[in-house]
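**Q** So that we are looking at the same thing, I have put the structure below in structure tokens.
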Amino acid sequence: MKQSKSVEWTKLDNASKYFPATANELDTKVFRLSCELYEMIDPNILQKALNKTIESFPFFKSILRRGVFWYYFESSDLIPEVSEESLSICAPIYNKNTKNLLFRVFYYHKRISLEIFHALSDGKGALLFLQTLVYHYLVYRYEEQFKNYKPALDYNASIKKKMDDSFNKHFIGDNGFTRNVIDHNKRIKAHRIRGKRTEENRMKLIEGTMSVKAVLGEAKKNNTSLTIYLAALFIYSIYKEMNAIERRRPIVLSVPINLRQFFESDTARNFFSTMNVSYQFRKEETELKDIIESITESFQKDLTVDKINYKINRLISLEKNPFMRIIPLPIKDYSIRMANKLVDRGITGAISNIGKVQMPEEFEPYIRQFTVCTSARRPQICMCSYGDRLVISFTSPFKDTEIQRRFFEHLSNKGIQIEISSNM
């Protein structure tokens, strides 16, 4: 008699609980990471590489199930299969009526792409998966070159560490510590970008590729970091498209924070928080340097361990509240959606930098660049770099592209050469 394989259940981490309740056709909560090589992709080798990769990321074979009170992950025996790209960017993945994996791997010409439903992982966790996938692909693809010496894979955490719920590990709720930190952030009504939506709500993607050194040079001229410089430029580009009445409201950007840089963690699951940075226009004419100074101050004030501890411990206290535990899931979902709408009123756009992608130096002749983008219900910037190639990706549900044009035009006027590509 054949024994059935035991099914394992895993709780969603603190960040993951938000995404199943708020995902919809307009904002699928799906993001994409891609690696572009110098040669065409061999799908058979890519499948072999995926089979190898999933062995060290078994959690990625989970499916999302609905319980009476909470969502939970359930292990599955589903086999992920690569396919040629055919769907629109960041198309829906999670469907409560379908038993399917929460990620997909596909290829197009020289590009390998990974798309993930955000409840499964965050940008850093997904990048670790993609780096491992590309690693195995290149080792298999160029077997002759690497038969005597195999490059070292930097990410060698155990399966247990990859599956860690790092929120549960590092945060325990309101233990008295959070009362010592005062939250000065008030709920404000931010400027909202509006426009005519694209057909079938397809995500408009515009990518600009440029030199990391060149952009860093501009940031240093303004005594700031690359992320702050580009966040300020994003705000400035939005500002230039606003009329006098609209400028009465501040521009507020949501900025994801990779918590692994503050707390020890090798998890491939979600482990991030967010912070908001804003600029209130008080002069008839605002210069980019004014915004940079303000955003730099916001980063210095809010990007601290104490502020992060305060915010996440408060969220976990709410999650662990005995009353919250017994509220049925449909009511929880409705409450989360209503809260999400209120939060949305205070956000204009978002900017995310997953940083410098590191791969073994032996792979440099084969890898051209990495890119990242996400579904968006408002204009959003994602960026990453590999070597000296920085790729800034704008996603937007709107047809109008004036903000994007102003953003890249400003960099171009500084003498930075930019390669522009788009899916439209």
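**Q** In region 238-280, carbon and sulfur make up what percent of the accessible area (probe 1.4 Å)?
**A** The nonpolar share, carbon plus sulfur, comes to 42 percent.
**Q** List the pair-distance distribution P(r) of region 233-332, using every Cα-Cα distance, as the percent of pairs falling in each 10 Å bin from 0 up to the bin containing the longest distance, rounded to whole percents.
**A** All Cα pairs, binned at 10 Å, distribute as 12, 32, 26, 21, 9, 0 percent.
**Q** Still on this structure, please answer the following. Which whole-number percent is the relative contact order of region 1-112 (Cα, under 8 Å, 6+ apart)?
**A** In percent, rounded to a whole number, it is 36.
**Q** Separate question: Based solely on its DSSP helices, what 222 nm [θ] is calculated for the chain when runs of n ≥ 4 H residues each add -39,500 (n - 2.57) and the sum is averaged over all residues, nearest 500 deg cm²/dmol?
**A** Here the helix-only value at 222 nm equals -9500 deg cm²/dmol.
**Q** When the Cα centres of region 99-113 and region 21-71 are compared, how far apart do they sit, in Å?
**A** Using only Cα atoms, the two centres lie 7 Å from each other.
**Q** Go through 334-340, 247-253, 203-209 and give me the packing order, highest mean Cβ count within 10 Å leading.
**A** Going from most to least packed, we get 203-209, 247-253, 334-340.
**Q** While we're looking at this one, here's another question. Give me the tail of P(r) for region 35-167 as a percent: Cα-Cα pairs with distance above 28 Å.
**A** 19
**Q** Note down the nm distance, to one decimal, between modelled labels 7 Å out along Cα→Cβ at T10 and at E402.
**A** My value for the distance between the label points is 4.6 nm.
**Q** Over region 1-105, what percent of the accessible surface lies on carbon and sulfur atoms, probe 1.4 Å?
**A** 51
**Q** Follow-up. Please calculate how many Å² of accessible area the chain carries per residue, with a 1.4 Å probe and no DNA, RNA or ligand atoms counted.
**A** Here the residues of the chain average 51 Å² of exposed surface.
**Q** Return the distance in nm (one decimal) between the two label points of a simple spin-label model at R260 and E419, each offset 7 Å from Cα along Cα→Cβ.
**A** Taking the two extended label points, one gets 2.7 nm.
**Q** So, one more: Please tell me the relative contact order of the chain in percent, rounded to the nearest whole number, where contacts are Cα pairs under 8 Å and at least six residues apart.
**A** This gives 25 percent for the chain.
**Q** Points 7 angstrom from Cα along the Cβ direction at R282 and Y334: gap in nanometres?
**A** 4.3
**Q** Another question, if that's okay. Relative to the present Cα-Cα distance, how much length would full extension add between Q300 and K169 at 0.36 nm per residue of separation?
**A** 44.6 nm
**Q** Work out, step by step, the length gained on full extension between K96 and S317: first 0.36 nm times the residue separation, then minus their alpha carbon distance; give nm to one decimal.
**A** 76.8 nm
**Q** For region 279-424, just the Cα set please: Rg and Dmax, both in angstrom.
**A** For region 279-424, the Cα-based Rg and Dmax read 20.2, 59 Å.
**Q** Ok, one more. Just going by the charge dipole of the chain, with Lys and Arg at +1 and Asp and Glu at -1 on Cβ, which of Q417, V139, L233 is farthest out on the positive end?
**A** Positive-end residue among those listed: L233.
**Q** Using a 1.4 angstrom probe on heavy atoms only, work out the carbon and sulfur share of the accessible area of region 324-424 in %.
**A** Whole-percent figure for carbon plus sulfur exposure: 50.
**Q** If you don't mind, another one. For the chain, what is the charge dipole size about the Cα centre, in debye to the nearest 20, if Lys and Arg each add +1 at the Cβ and Asp and Glu each add -1 at the Cβ?
**A** That gives the chain a dipole magnitude of about 1480 debye.
**Q** If R0 is 22 Å, what FRET efficiency do you get for N156 and I79 from their C-beta distance, rounded to 0.05?
**A** 0.35
**Q** Answer rounded, prolate or oblate for region 337-388, using the Cα gyration tensor with square roots of eigenvalues a ≥ b ≥ c: rounded when a/c is under 1.5, else prolate when a/b is larger than b/c, else oblate.
**A** Prolate, because a/c is 1.5 or more and a/b exceeds b/c.
**Q** Assuming a viscosity of 1.567 mPa s and a temperature of 4 °C, what translational diffusion coefficient in µm² per second does Stokes-Einstein assign to the chain, Rh being the Kirkwood radius over Cα pairs?
**A** Rounded to a whole number, D works out at 57 µm²/s.
**Q** If packing is taken as the mean number of other Cβ atoms within 10 Å per residue, what is the order of 123-129, 219-225, 404-410, 100-106, highest first?
**A** Going from most to least packed, we get 123-129, 100-106, 404-410, 219-225.
**Q** Let's see if you can work this out: charge +1 on each Lys and Arg Cβ, -1 on each Asp and Glu Cβ, no other charges. What is the dipole magnitude of region 183-281 about its Cα centre, in debye to the nearest 20?
**A** Computed charge dipole of region 183-281: roughly 500 debye.
**Q** Quick one, can you get me the convex hull of the C-alpha atoms of region 46-102 expressed as volume per residue in Å³?
**A** It is 99 Å³ per residue.
**Q** Ok, one more. Could you give the distance between the Cα centres of region 279-329 and region 115-134, to the whole Å?
**A** 25
**Q** Then there's this: Could you report the accessible area of D165 in Å², rounded to 10, computed with a 1.4 Å probe on the protein chains as they sit in the structure?
**A** In the full protein context, D165 sits at about 40 Å².
The values are calculated or read from the model by the stated rules, or taken from the named source; none is laboratory data. Computed from a predicted structure; not experimentally measured. So basically every Cβ, Gly included, is an ideal-geometry build from the backbone, and we count neighbours across all protein chains shown. Remember, those area values only see protein heavy atoms, side chains included, never the ligands or the DNA or RNA. Shrake-Rupley method; radii C 1.70, N 1.55, O 1.52, S 1.80 Å.
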